[in-house]
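*Asks:* Sharing a structure below in structure tokens format, with a few things to ask.
The values are calculated or read from the model by the stated rules, or taken from the named source; none is laboratory data. A quick note: this is a predicted structure, and the numbers were derived from the prediction, not measured. Positions of Cβ are generated from backbone atoms using ideal geometry, with glycine treated the same way; all protein chains shown enter the neighbour counts. We work out accessible area using only protein heavy atoms, side chains counted, and drop any ligands, DNA or RNA first. Shrake-Rupley method; radii C 1.70, N 1.55, O 1.52, S 1.80 Å.
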Amino acid sequence: MGNKNLLEDYGIVAGQYSTDGEHLEPIVYIRSLLMDEDVSEEEARVFLDHFYLQDVRESYLRELY
């Protein structure tokens with residue numbers, strides 16, 4: 001999918017949630033994508049790196065992959 005697209009798509013989806021008064025965590029977004037699309041571990045790592053500290057990111061990646 002590409003990391004730029006992941007960030008842009010997350011921004012759009014998160015913006016839609018925020019207009020409804022909700023917050024969409026980045027990890028929830030990635031989990032939902034993995035159900036429907038093929039997101040490589042490296043793409044997920046770079047995406048999550050924008051939002052989480054390394055130890056948290058690595059914990060999420062172990063859970064996902």
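*Asks:* Over the chain, give the accessible area per residue in Å² for a 1.4 Å probe, as an integer.
*Replies:* 66 Å²
*Asks:* Something else: If you line up the long axis of helix 3-19 against the longest principal axis of the chain, both from Cα atoms, how many degrees apart are they, to the nearest 10?
*Replies:* Result, in degrees: 40.
*Asks:* How far, in nm, would the chain grow between H23 and H50 when pulled straight, counting 0.36 nm per residue and subtracting the alpha carbon separation?
*Replies:* Separation in residues times 0.36 nm, less the Cα-Cα distance, equals 8.1 nm.
*Asks:* Per the 1.4 Å probe, what fraction of the accessible area of the chain, in percent, lies on carbon and sulfur atoms?
*Replies:* 50 percent
*Asks:* For the chain, build the convex hull from the C-alpha positions and give me its volume per residue in Å³.
*Replies:* 80 Å³
*Asks:* Below 8 Å, C-alpha to C-alpha, sequence gap of six or more: please give me the relative contact order for the chain in percent.
*Replies:* 36 percent
*Asks:* Same structure again: Divide by every residue of the chain the summed helix terms, -39500 (n - 2.57) for each DSSP H run of at least 4, and state the resulting mean residue ellipticity at 222 nm, rounded to the nearest 500 deg cm²/dmol.
*Replies:* -23000 deg cm²/dmol
*Asks:* About the Cα centre, and with charges only on the beta carbon of Lys, Arg (+1) and Asp, Glu (-1), how big is the dipole of the chain? Nearest 20 debye, please.
*Replies:* Computed about the Cα centre, the dipole is about 120 debye.
*Asks:* Right, another one. Pairing the Cα long axis of helix 54-64 with the longest principal axis of the chain, what angle in degrees results, from 0 to 90 and rounded to the nearest 10?
*Replies:* 90 degrees
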